[in-house]
């Protein structure tokens with residue numbers, strides 16, 4: 001399944017690049033993305049892809065570090081399972 | 001931010017760094033701002049990430065969105081983002097293509113339908129409706145509203161405002177008032193969204209004396225201008241199903257949002273159309 005998705009991406013990208021440049025495919029210049037996380041929710045499954053590899057969820061990553069005085073991090077409100085968006089009804093995230 | 005307060009420079013990395021800093025000072029209650037290298041580290045973490053639905057669940061059926069069609073976040077990262085630029089597919093440019101979404105073209109009514117499941121067909125019909133159903137866009141502040149230069153109705157589609165290819169936000173800055181924050185009696189928002197619990201603010205124009213009531217001042221909080229009351233940014237639609245309730249105030253399920261738009265713009269969607277649109281939006 002995953003292989004098929006990857007093949008599809010390459011075909012589309014290659015086709016587009018060839019049309020623009022009328023030359024050799026330039027697939028190698030485009031970022032390769034891999035799905036590094038999936039989360040189930042009531043409407044299905046959301047996936048997160050990264051062009052730089054896996055996600056460092058340790059406090060060594062500033063996104064997950066407590067940078068203020070109350071222990072909150074960026075990741076406290078920008079949930080992976082919501083596509084890093086902030087859900088307006090998340091109680092823990094109200095100002 | 002929905003009111004655009006963090007989108008100032010039209011420099012994505014600079015704006016994201018400021019947002020990280022402001023959130024740290026506000027939400028995380030830091031006493032000093034972030035060192036620039038820490039803000040940059042957060043931006044560098046954010047930029048390579050892309051999120052989208054990989055499977056949609058309708059009832060008890062799970063539909064894969066990455067095998068036969070280019071849904072999912074890897075296609076978004078590999079093909080959609082590299083082609084994006086601010087202002088792409090500008091609605092008011094002669095080259096505007098209303099078919100901003102082609103993810104499910106293989107399931108749209110114009111494609112061979114044999115072998116497709118009923119849900120795949122529904123998602124395809126939803127995409128087709130989103131791209132092509134024409135209705136009159138009227139009274140949208142920032143576009144053709146009563147306080148803007150042009151008050152003429154715009155015959156448009158969902159993609160008139162949701163014009164970024166395969167993503168669905170507006171591809172250039174366009175804070176608009178579609179009426180989500182409208183608190184007036186019998187408004188589409190009051191009738192179709194879960195907004196009865198929200199506070200209501202009344203504003204009177206110093207110039208004309210006009211009074212408006214809203215549940216959120218929107219961009220006027222930033223500009224102080226009467227004509228900006230209720231104006232908000234249009235969000236990216238990818239991953240929408242994972243973050244219900246929708247809109248800036250969390251007032252709608254996907255079904256409620258479809259009903260709101262149908263009422264607000266008198267689109268005339270049938271029950272089947274609404275189901276199809278909802279299934280499409282859940283698949284992004």
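Here are the numbers:
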read-out	value
Residue A:34 paired with residue B:169, simple spin-label distance in nm, labels 7 Å along Cα-to-beta-carbon	2.8 nm
Equivalent-ellipsoid semi-axes of region B:185-284, from the Cα gyration tensor, Å, largest first	28, 15, 12
Extension reserve of the residue B:111-residue B:37 stretch, reckoned as 0.36 nm per residue once the Cα distance is removed	21.6 nm
Fully extended contour minus Cα-Cα distance, from residue B:206 to residue B:222, at 0.36 nm per residue	4.0 nm
Two-site FRET efficiency, residue B:270 against residue B:213, from Cβ-Cβ distance with R₀ of 30 Å, rounded to 0.05	0.40
Directionally averaged projected area (convex hull, Cα atoms, region B:1-49), nm²	3.6 nm²
Likely footprinting exposure, B:107, B:2, fewest C-beta neighbours within 10 Å first	B:2, B:107
Average partner coverage of A:64-75, which counts Cβ from other chains inside 10 Å	6
Most mobile listed residue (B:92, B:247, B:104) in chain B, GNM with C-alpha springs under 10 Å	B:92
Ranked packing of B:277-284, B:173-180, B:19-26, most packed first, by mean Cβ within 10 Å	B:277-284, B:173-180, B:19-26
Tail beyond 15 Å, pair distance distribution of region B:111-161 (Cα, percent)	57 percent
Cα pair distances exceeding 25 angstrom across the protein assembly as shown, given as percent	58 percent
Selected from B:184, B:270, B:194 as most flexible by GNM, with chain B as the system and alpha-carbon contacts under 10 Å	B:270
Normalised alpha carbon radius of gyration of chain B [divisor 2.2 N^0.38 Å]	1.05
Gaussian network model of chain B, Cα within-10 Å springs - most flexible of B:137, B:236, B:42	B:42
Sequence-separation-based contact order of region B:1-49, relative, with Cα cut under 8 Å and 6+ spacing, percent	30 percent
Whole-angstrom gap from region B:126-181 to region B:96-111, using each part's C-alpha centre	19 Å
Helical contribution to [θ] at 222 nm, DSSP H n ≥ 4, -39,500 (n - 2.57), averaged over chain B, rounded to 500	-8000 deg cm²/dmol
Cβ-Cβ FRET estimate between residue B:67 and residue B:138, R0 fixed at 41 Å, reported to 0.05	0.50
Where only C-alpha atoms are counted, convex hull volume of region B:40-122 per residue in Å³	142 Å³
Cβ neighbours within 10 Å from other chains - mean over B:14-20	1
Computed FRET value (nearest 0.05) for residue B:47 with residue A:56, which takes r as the C-beta separation and R₀ as 22 Å	0.90
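A short reminder: the numbers here are calculations on the coordinates, not readings from a lab. These numbers were taken from a predicted model, which means no experiment stands behind them. Using ideal geometry, Cβ is built from the backbone for each residue, glycine included, and neighbour counts are taken over all protein chains shown.
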